[in-house]
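Some notes on the structure that comes next.
The values are calculated or read from the model by the stated rules, or taken from the named source; none is laboratory data. Just so it is clear, the structure is predicted and the values come from calculations on it, not from any experiment. All Cβ positions, even for glycine, are placed from backbone atoms using ideal geometry, and neighbour counts span all protein chains on display. For the accessible areas, the whole protein counts, side chains as well, though only heavy atoms, and no ligand, DNA or RNA atoms are used. Shrake-Rupley method; radii C 1.70, N 1.55, O 1.52, S 1.80 Å.
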Amino acid sequence: MSKPKVAFYWCASCGGCEEAVVDLAEDILGVVEAVDIVLWPVALDFKLSDVEALEDGEIAVSFINGAVRLTEHEEWVKLLRRKSQMVVAFGSCAHLGGIPGLANAVSRKLIFENKYFRSPTADNPQRVLPRTVSEVDGHELELPEFLHDALPLDEVIEVDYYLPGCAPPPENILGAVQAILAGELPPKGSVLAPDKALCESCPRNESKPDVVRIEKLRRVAFETPDPEKCFLAEGYVCMGPVTRSGCGERCIHANMPCRGCFGPTPEAADQGTKFLSGSAPLFAADDEE
Amino acid sequence: MQNGEFEPKLVGFLCRWCSYTGADFAGISRLQYPPNLVPIRVMCSGRVDPTFVVKALAEGADGVLIAGCHPGDCHYQEGNFRAFRRYPLLLKMLEQFGIEPERVRLEWISAAEGEKFARVVSELTETVRALGPLDWKGRTAPREDGVQQGKREVANV
Amino acid sequence: MSEKIGVYLCHCGTNISQTVDIAEVARFAETLPNVAVVREYKYMCSNPGQEMIKKDIRELGLDRVVVSSCSPLLHEETFRAACDDAGLNRFLFQMSNVREQCSWVHSDRKKATEKAKKLVAAAVMRVAKHEPLEVRKVPVRNETLIIGGGIAGIEAALKIAESGKKVYLVERDSTIGGHMAKFDKTFPTLDCAACILTPKMVQVADHPNVELYTYSEVEEVSGYVGNFKVKVRKRPRYVDVVKCTACGECVEVCPIEFKNEFDENMSTRKAIFRAFPQAVPNAFLIDKKGKAPCRAECPAGVHAQGYIALIAQRRYADAFDLIMSDLPLPSVCGRVCYHPCEERCERGSLDEPVAINTLKRFASDWAAENGVEPAPRKRTKEGKVAVVGGGPAGLACANELSKRGYAVTVFEANEKPGGMLRYAIPEYRLPASVLDRDIERLEKLGIEIRTSSPVDDPEALLREGYGGVFLALGAQKSSSMGIEGEDKEGVMGMLEFLRAAKEKKLTCIGWKVAVVGGGNSAMDAARTAVRLGAESVQVLYRRSRAEMPAHDWEVEEAEREGVLFKFLVSPVAVLGDGKAEKVKCVRMRLGEPDESGRRRPEPIEGSEFTLDADLIVMAIGQQTDIAGGMEKLKRSKWGTIEADPVTLETNLKGVFAGGDAVTGAATVVEAFAAGKRAAESLDRYLSGKDLREGRDKEIPVAPSPSTEGVKKEPRVREPVIPSIDRVGGFREITGTIAEEDAVREALRCLRCGGCSECMECVKKCEPEAIIHDQLEETVEIEVGTIIVATGYRLFDSSRIPQYGYGRFPDVYNGLEFERLCHAGGPTGGKILTSKGEKPEAIAILHCVGSRDENYLDYCSRVCCMYSLKFAHLAKEKTGAKVYNFYIDIRAFGKGYEEFYKRLLNEDIYFIRGKASEVTAVPEYPEEEGKLVVVCEDTLLGINRRVPVDMVILSAGMEPAEGADELTRMLSLSCTYGGFFMEKHPKLAPVDTPTDGIFLAGACQGPKDIPDAVSQGAAAAAGALSLMDKGVFVLEPVTADRVEELCSGCKVCIANCPYSAIEFDAEKNVSVVVKELCKGCGTCVASCPSGAAFQENFADDQIVNEIEGILLAAKGA
């Protein structure tokens, strides 16, 4: 029997998620041994036609990272969905929109203006903007269109599992792959991380006073946090209370507060407002904001 | 929308002790105010999770009122102070989303202030009417003609 | 699971249906998810309406119910009960308020209907997420707290007490009775207020089920219905209510007078007083603002304000007696004390401090001159005590113990007692005759003084039969500097020098004297040397003038007497051939501050110089010099005796020590203080009491008194002999002030403490009921219900300046006029103008403050009637012309209109028109010397000026002072004007929105006596029905956690206003303490990970409600 086929694809992403796969280091050899990679644009040269040539459902699992930002992404993920038995939204951007998702707060027009005109490195006297169709030497050239929104994967295709993190820790990736290979999977739609928030596993939670009062708001850009103490109690904005655990507290160990890349816990509707709701009353009366 | 005029859709979170009673008092006093705001009763303004506000706005409300007891009069000692702390941050966040902070209003309305309740609802209605519809999704990233929309619904493959 | 929801739309007669198209709402409701049946009915809250719901639950198997009708605050309970009846959990119900918040407030039928749809949709969506909940029942305790002892509180207390339940009645004033006790007559029956009120007051006080806390305030209320915990702060009355027989003897002797608040400040009362003769409890109390600052500052705690007050009353003997009870040697103290009391004297902040010490000297000298002896001492105690050392500490201890009834023997090693007073204080400051006089007096009082009787072994005294020993050995040795040549002749210690001078064994004629040191004893030595004929006297001090420990005035006097000062110098060697001839000194500079905070002097190298000196006096301190035989006593590293700072116990049982021997050299008054402290210890020791318990727990210092209206006046100066006459001898420098000066000076006292603690009342009080050192006490009680009956306060008429209240003495407010009419009032019931004349014309102004948008919007309800009562009383008592200036006459109560009619026939003038002004500026001759009321007579349509002799302002009612504090304490709400809000203005006028708390009387709104009494009874009934039932059902709204989701982030803990969340460190989760949770839901909103939820206000329920509203909005 042939090895299960696996595809990796990247949409609007920084490449960190791809890097995370490489970070499996020697473990990757085990993975490669167990599976047959049919698509991995960052590492291997496969073409669209190669994937199109596959049977529907032939791919056992596709790991897709990045937000859907271009019509090209849309086309690709829909194709992969058709060809795959299982799709895993890989990393924060595919899971929730991530950093590219922040662009949704402003209009496409503004993004273009900033990128192509205002950016200090932009050299664009003709004020050329990307166009879907352009003519070069008499040939019509078609480029993918920049979508109106950056979308998390599950707003474009059906997603079976989510592997959170920016990027997902290698151990989690390995765990997920092994679980898939072994067929030991949680209910469809699950996020492959614990349900409790990060504080639960945070090594600094013990240093947190029972009644947290924030006297002064601090920023890591200006001060170095105490390496033992709870960030929040010290006044650093730490998303730990609102963020899924399971990341291995990598940031915390590096003396950086949690930035929330694992997304909200299952019961919290919105990570941001929840954080606001919980932490705003902790500030001393005459604090900034 | 009636007769083409925009009717703001407003959701109000009223604390059970002061503001909801104040709204009842407005009723008992037969004070007239615009019908745009629909009240939701909570035990305390401190119960109002900003998530609710965002939820309401995202689901189609054009404005939100949070009303609680006057500072110092909170039935729960200082639940209203919690609400008060969340409020400016919430406004700031909405502002970053491109939403006018005037759409969300926090007011202290006592059980005796039926008149104030009526006034606040009238004011908020007019403020939001002047601002126009919220259109959360359009607002957070205004549409341009000819741009292909990302599809929100799950693709049927 | 799919729910079956029944939706019931109420018409509320036409209340809802006239504005809301119910049929359309019904059609809409049918389209909502899970709705199984929609019905409408005229009155859903009626029995048939409820039956309809019950039937559907039973027959259609509904598992959720929505009623769209009025406010849930009104009928939620009705429909929940209906669900219950039909076997459906009462919390699977939701109500939408389409009356108060829809049909009544909107007139556009279409829009109102749209809103009603939204409301119904919200309720339908919400109820789908409801879950069955269990109610929590809490037991209700059988005690009631009533706050306020006015007529409403009294009535409530009696009703509850009669039913056999316990009542705690807390009243802020010293007596119960409230405002009614001040009234003369009551309208409309004109019966005497006291006659109908006082029996009720007595009945309350005597009732076995009533515990009365007067002069007390509720400080904190916690808990919830049925189980309130209350802290009551009992202010000290300083009189034992049980022992006091209300004989009033104390009042006669009290020297302090204050304005009498009960008479609205129109008469005076003493510092010991009772509000009025029928006060309940009928006991006196002392108006003590606290410990007077002068006494607080005095190390020996001398009752300075007391003797000052007595001197002001020319009661010098009493003053002297008081001083003697505090101090053993009053004349001495009046001369040598450095009087820290005067530093603290509040008068100092106005002009100059009262000459407290001078007054003490005056009283003491007056007593000596007039042969007045203090009250004889009685030996009442068994034990006898030995005091070793006849200095100030020893004598103070002896005096105090003899006062307390002990036999005391003082053992003095020298041939004469007095210690340092005798040997170290120069004659010019303290003549020996004065000291002898004071000591002889002590001996006459029965204190045995054995001179030339050194004691080696204190334990031997114990063996001899003394119950206890106080060692007051003093510091007898001058410190030495340890410099080269110190042993030469001509170098003396300060003590030896002063003693030699006192014993006239020394002269310094023609000598050059150098005194080393900068303290008071250095000044004494220097000034003594001047008097002994020295050619020159130089004081050498190593720091600068600013650091000198000597009192400024001592330094100034010394300078005036010719003493020279050399600062920043220190002697390093005494030079001379066998005898001192020169002192070698080094100059100093000031370095860094040392641990005493003073800058440390450092020698400047190479700055040495020499001075000529025949005599060098080392005045740099004293040391204890303890004789042999005391080896067993534990000492400190400085050689002083070690004694407990509180009890003065030494390491030897029964042996106490104090004064200079323990502390090192200190002041006379500190020695007195140590002696008194030792006496307290010995008294406790001999009577087998604990030496520490409750010790040093003292009443707090009085706050600064108001100096408003106090005229500035310089303080008295003691007569002083000119410096030129001084140096020739040792004549006492200062003299005693004259009697008139003393009285004038005493009157300058601001009486900070209120009561002066002169102790005269104590002397007079046979039942020994007076407790001057009583402390504030906080008692904790637990009650099931609370009735608030805090009443009102009168509107402050001075807020309306044009009426002249506070400016014109003949403009009175209502309560003042009540007192003027009252037989027990300031005029004995005569209505007289401020000149003491019978008024010929009286104006009564209605609606003062009330019905006035500038002040109180509301009608105070009682003013019309009490104005009529005043009119009647004024007419009856004076025959004057009486004018009523009114807007409307509101005579709405039973018999009120009749009373008004009666008045109309009593030749009283009624002028309809609000007075615009009361002026004393005449425009016509007949207005000369009169007050003129100006108003527009709206019936005649003319402006009028009515000249009168007296104006009564019928001021309105405002909530009592402190009502806002109570609002917070009890989580009450307020309505207009700050009156407490009732649960429902018509149907629940004595209930509050807080379960278990009821209102009675004017705290809920202005009302007259019959209404207040009715409410008192009604509130009692409310409380009784709760307590009789014994349980209260709490709404399930508490918060909780899904443990599996809680990350232990602790965010909720800081968000909870009640500290009702604890952290379980073992499980790493937050835990809600259900008993403390009040159900605000703040923690739920704050839970970052959605682990928290609130019963009946769950996130999904509220979110569904939002969705319902917006779903309906989309449909619209």
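Based on the mean of other Cβ atoms within 10 Å per residue, sort peptides C:949-959, C:150-160, A:245-255, C:56-66 so the most packed one is first.
C:150-160, C:949-959, C:56-66, A:245-255
Using the C-alpha atoms of chain C, what convex hull volume per residue, in cubic angstrom, is computed?
Roughly 263 Å³ of hull volume per residue.
Amide H of residue C:484: which non-local residues (sequence gap of 5 or more, or other chain) have their own amide H closer than 5 Å, using H built in the peptide plane?
C:574
Going by amide H atoms built from the backbone, whose H comes under 5 Å of the H on residue C:223, apart from near neighbours?
So residue C:223 has HN proximity to C:229.
Evaluate Rg over Rh across the range A:102-150, taking Cα atoms for both radii and Kirkwood's formula for Rh.
1.03
Taking every pair of alpha-carbon atoms in the range C:477-623, give the share separated by more than 22 Å as a whole percent.
The calculated P(r) of the range C:477-623 puts 35 percent of pairs beyond 22 Å.
Using the Karplus equation 6.51 cos²θ - 1.76 cosθ + 1.60 (θ = phi - 60°), what ³J(HN,Hα) coupling, rounded to whole Hz, does each residue of the range C:8-17 give in order, writing x for Gly and Pro?
Karplus values, whole Hz, x for Gly and Pro: 10, 10, 9, 7, 6, x, 10, 4, 9, 5.
Counting only heavy atoms of protein chains, what accessible area per residue, in Å², does the range A:198-282 have with a probe of 1.4 Å?
Heavy-atom SASA per residue in the range A:198-282 reads 43 Å².
Tally the DSSP beta bridges in chain C and give the antiparallel ones as a percent, rounded to 5.
45
Over chain A, what percent of the accessible surface lies on carbon and sulfur atoms, probe 1.4 Å?
Carbon and sulfur: 53 percent of the exposed surface of chain A.
For residue C:991, which sequence-distant residues (separation of 5 or more, or a different chain) have an amide H within less than 5 Å of its own amide H, given hydrogens modelled in the peptide plane?
Under 5 Å from the amide H of residue C:991 lie the amide H atoms of C:983, C:984, C:999, each far enough along the sequence or on another chain.
I need the peptides C:809-821, A:183-195, C:277-289 ranked by packing, meaning the mean over residues of other C-beta atoms within 10 angstrom, with the highest value on top.
C:809-821, C:277-289, A:183-195
As a test of the definition: with a 1.4 Å probe, what buried accessible area, both sides summed, do you compute for C against B, in Å² to the nearest 100?
4600
Any idea how far apart residue C:444 and residue C:267 come out in nm if each label point goes 7 Å out from Cα toward Cβ?
4.2
Would you list which aspartates and glutamates come within 19 Å of residue C:259, measuring only between C-alpha atoms, while excluding same-chain residues fewer than 8 positions from it?
Excluding near neighbours in sequence, the set is C:173, C:287, C:708, C:757, C:796, C:810, C:816, C:818.
Structure shown: which of C:711/C:914; C:270/C:403; C:185/C:838; A:78/A:115; C:243/C:835 lie over 30 Å apart, alpha-carbon to alpha-carbon?
Check vs 30 Å cut-off fails for C:711/C:914; C:243/C:835.
Please give every one of the lysines within straight-line cross-link reach of residue C:983, meaning a C-alpha to C-alpha distance under 21 Å, and leave out same-chain neighbours fewer than 8 residues apart.
Within the straight-line limit of under 21 Å, residue C:983 reaches these lysines: B:116, C:1007, C:1029, C:1078.
Can you give me the % of accessible surface on the range C:5-135 that is carbon or sulfur? Probe 1.4 Å, all protein chains present, nothing else counted.
Within the range C:5-135, the accessible surface is 47 percent carbon and sulfur.
Once the principal axes of the Cα atoms of the range C:707-773 are found, what is the range along each, listed largest first in whole angstroms?
Principal extents (Cα only, largest first): 57, 33, 21 Å.
Dividing the Cα radius of gyration by the Kirkwood radius, what Rg/Rh value follows for the range A:198-282?
Answer for the range A:198-282: 0.93.
Can you give the Rg to Rh ratio of the protein assembly as shown, both from alpha-carbon atoms, with Rh computed by the Kirkwood formula?
Radius of gyration over Kirkwood radius for the protein assembly as shown works out to 1.09.
What is the percent of Cα-Cα separations in the range B:35-107 that go past 14 Å?
The answer is 58 percent, as a whole percent.
When only alpha-carbon atoms are used, what values of Rg and Dmax, in angstrom, describe the range C:5-135?
For the range C:5-135, the Cα-based Rg and Dmax read 13.3, 41 Å.
How far is it, in nm, from the label point at residue C:451 to the one at residue A:158 when both lie 7 Å from their Cα along the line to the Cβ?
Computed distance between label sites residue C:451 and residue A:158 equals 11.9 nm.
Straight-line reach from residue C:444: which aspartates and glutamates have a Cα under 19 Å away, not including same-chain ones fewer than 8 places off?
Excluding near neighbours in sequence, the set is C:318, C:321, C:326, C:365, C:369, C:373, C:400, C:412, C:415, C:436.
Under 12 Å from the 7 Å Cα→Cβ point of residue C:1073, by amide nitrogen: which residues of the range C:215-237?
C:223
Any of C:384/C:697; A:216/B:9; C:182/C:288; C:115/C:986; C:505/C:579; B:9/C:129 with alpha carbons more than 30 Å apart? Name them for me.
A:216/B:9
Over the Cα atoms of the range C:272-339, what radius of gyration and what Dmax do you get, in Å?
That works out to 15.3, 50 Å for Rg and Dmax.
Taking a probe of 1.4 Å and counting only protein heavy atoms, give the total accessible area buried between chains C and A in Å², rounded to the nearest 100.
For chain C against chain A, roughly 1800 Å² becomes buried.
Can you give the translational diffusion coefficient of the range C:879-920 in µm²/s, computed by Stokes-Einstein from the Kirkwood radius over Cα pairs at 25 °C and 0.890 mPa s?
209
For the pair residue A:220 and residue A:127, how long in nm is the line joining their label points, each one 7 Å along Cα→Cβ?
The modelled label-to-label distance comes out at 4.1 nm.
Whole number in Å², please: accessible area per residue of the range C:795-958, 1.4 Å probe, ligands, DNA and RNA not counted.
Spelled out: the 1.4 Å probe surface of the range C:795-958, per residue, equals 43 Å².
Leaving out ligands, DNA and RNA, and with a 1.4 Å probe, what % of the accessible surface on the range C:795-958 is carbon or sulfur?
47
Tell me the per residue accessible area of the range C:5-135 using a 1.4 Å probe; a whole number in Å² is fine.
Averaged over the residues of the range C:5-135, the accessible area is 36 Å².
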